[in-house]
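Laboratory data are not the source of any read-out in this text; all were calculated from the coordinates shown. As the structure is a prediction and not an experimental result, all values here were calculated from the model. Backbone-built Cβ (ideal geometry, glycine too); neighbour counts: all protein chains shown.
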Amino acid sequence: MSLIDNLLDYLRGDNKKTAVVAKERLQIILAHERAGRNASSPDYLPALQEELLAVIAKYIHVERDMIKVQLEKHGEYDVLELNIMLPEDKRAGG
Amino acid sequence: MPKVIVVTSGKGGVGKTTTSASFATGLALRGNKTVVIDFDVGLRNLDLIMGCERRVVYDIINVINGEVALKQALIKDKHCDNLYVLPASQTRDKDALNLDGVGRILDELKESFDCIVCDSPAGIEHGAFSAMYYADEALVVTNPEVSSVRDSDRILGILAAKSKRAVEGLEPVREHLLVTRYDPKRVAAGEMLSVDDIQEILRIPLIGVIPESESVLQASNSGTPAIHLDKSDVAEAYRDVVARFMGDEVPMRFTTYEKVGLLKRLFGGR
Ligand SMILES: Nc1ncnc2c1ncn2[C@@H]1O[C@H](COP(=O)(O)OP(=O)(O)O)[C@@H](O)[C@H]1O
Ligand SMILES: [Mg+2]
């Protein structure tokens, strides 16, 4: 893919190549699935996810698969990662 | 040390049987005494791809059940002297493949073979599990396509957690990524995941890339493993895979698409 092609794609807007979309989708779903099969992931994560979802639902309407809770190892720290995808219109600010 | 190598993928139709036949043949051509075992009980097909379907008398289940000796069920390959095929049963169901029985067969084969290649069925159920449980190394066959990559990741998870090496705390199964049915032209057009993408996602070493090719159908039509084909990209790609498996340094081929320029089109080249 040449620089010009990239530039044209960029100018044309967000019509991403499908291979790029495929890669992004895989990275997201596999991160989730790997976290799920990681035996060391504590068993309170699903409950935590449910409770967070309930709290958030009081204020914003979010689909249940738009919230992800996972524990990742970063060097010597465990990082609890909370990922909430807000609905399109809320994020854009109207 | 004899090696047990599973050819696995999770997803069906990605090229496991095609790969098992060519990989086992390649190992034999390089002087390894090799046996290739069909674990797809109920859907036997390796015999057709190896071209020995009319010589099948006994199968792996007969051996597991003690009905015949292992030697009676092994079929000698028609091209290579040091290559044998152990067919799957076409009539029994997958549960007949009990883990202990498979372990006993593999132990016996290890006494006389250098390489034992296990062609796994699709899925993550019993048949696929018995094919991978005893593996020392794994060829994870993956197509450049989302569902195949996801299933490969699942298989890697099982190898890392539930294989014999994992449960016994031995050195982990050595995993190799084999990307098959690759179309560099579509990759260049941004329509297909690239080898780099797949490797970045699955994070295991790449052992080779097999291009999508019509010659694979010709090979299966005639019951000749694709690695035997003359002047075929697929045959060369499989030979490269075997060479890398044996430790040779071989640069990757068939991964990039070259636009044929006008001059080249007019004045030669291919
Ligand atoms: N490199 C390739 N190019 C084109 N077709 C292929 C290639 N590898 C496999 N195939 C075809 O894909 C189909 C499935 O292959 P197979 O080896 O039986 O897969 P699996 O054992 O994983 O189910 C077959 O029709 C086979 O001919
Ligand atoms: Mg198969």
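Which whole number gives the average, over all residues in A:20-27, of C-beta atoms from other chains lying within 10 Å of the residue C-beta?
Details: counts 3, 2, 9, 9, 0, 2, 11, 3.
Neighbouring Cβ atoms belonging to other protein chains average 5 per residue here.
Quick one: which residues, 5 or more positions from B:Arg174 or on another chain, have an amide H under 5 Å from its amide H? H modelled 1.01 Å from N in the peptide plane, none for Pro or chain starts.
B:Glu137, B:Ala138
Other chains near B:139-151: what is the mean number of their Cβ atoms within 10 Å of each residue's Cβ? Don't skip to the answer; put the middle values down first.
Working: counts 0, 0, 0, 0, 0, 2, 1, 7, 1, 0, 5, 5, 0.
What the average comes to for B:139-151 is 2.
So, by mean Cβ neighbours within 10 angstrom, what's the order for B:3-12, B:78-87 with the highest one leading? If you can, show how the numbers build up before the last one.
Numbers: B:3-12: 24.0, B:78-87: 20.7.
Ranked from most to least packed, the peptides come out as B:3-12, B:78-87.
Going by average Cβ density within 10 Å per residue, which order do the peptides B:20-33, B:233-246 take, highest to lowest? It would help to have the intermediate numbers written out before the result.
Details: B:20-33: 24.0, B:233-246: 20.4.
So the peptides B:20-33, B:233-246, ranked by packing, come out B:20-33, B:233-246.
Under 16 Å between alpha carbons, and skipping anything fewer than 8 positions from B:Lys185 in its own chain: which aspartates and glutamates qualify?
Here the aspartates and glutamates satisfying the reach criterion relative to B:Lys185 are A:Asp5, B:Glu145, B:Asp196, B:Asp197, B:Glu212, B:Glu214, B:Asp233, B:Glu258.
What GluC sites (Glu not before Pro) does region B:68-169 have in DSSP loop regions with at most 14 other beta carbons within 10 Å? Spell out each step's value before the answer.
Numbers: sites: B:Glu108, B:Glu111, B:Glu125, B:Glu137, B:Glu145, B:Glu168; in loops: B:Glu125, B:Glu145, B:Glu168.
Sparse-neighbourhood loop GluC sites (Glu not before Pro): B:Glu125, B:Glu168.
Amide H of B:Gln90: which non-local residues (sequence gap of 5 or more, or other chain) have their own amide H closer than 5 Å, using H built in the peptide plane?
Under 5 Å from the amide H of B:Gln90 lie the amide H atoms of B:Gly42, each far enough along the sequence or on another chain.
Tabulate in residue order the Karplus-calculated ³J(HN,Hα) for region A:57-64, using 6.51 cos²θ - 1.76 cosθ + 1.60 with θ = phi - 60°, rounded to whole Hz; enter x for Gly and Pro.
Calculated HN-Hα couplings, in order: 4, 5, 9, 10, 8, 10, 6, 5 Hz.
Using a Cα-Cα cut-off of under 27 Å, which lysines could be cross-linked to A:Lys68, ignoring same-chain neighbours fewer than 8 residues away?
A:Lys16, A:Lys17, A:Lys23, A:Lys58, A:Lys90, B:Lys11, B:Lys162
Applying the Karplus parametrisation 6.51 cos²θ - 1.76 cosθ + 1.60 with θ = phi - 60° to the phi angles of region B:62-70, what ³J(HN,Hα) value in whole Hz is obtained for each residue in order, glycine and proline being reported as x?
Calculated HN-Hα couplings, in order: 4, 6, 4, 7, x, 6, 9, 6, 3 Hz.
What are the residues whose amide H is under 5 Å from the amide H of B:Ile37, where those residues sit 5 or more places off or on another chain and H is modelled from the backbone?
Distant-sequence amide H within range of B:Ile37: B:Leu86, B:Val117, B:Cys118, B:Asp119.
What are the ³J(HN,Hα) values, in whole Hz, obtained from phi via the Karplus relation 6.51 cos²θ - 1.76 cosθ + 1.60 with θ = phi - 60°, for each residue of region B:167-179 in sequence order, with x given for Gly and Pro?
Listing the rounded values in order: 5, 8, x, 7, 4, x, 4, 7, 9, 10, 8, 10, 8 Hz.
Under a GNM of chain B (C-alpha, springs under 10 Å), which listed residue has the highest mean-square fluctuation: B:Thr17, B:Thr180, B:Thr255?
Checking each option, the largest mean-square fluctuation is seen for B:Thr255.
Per-residue Cβ counts within 10 Å, from other chains only, averaged over B:189-197: what number is that? Walk me through the numbers before you get to the answer.
Values: counts 4, 9, 4, 4, 6, 2, 0, 1, 6.
Per-residue shielding by partner chains comes out at 4.
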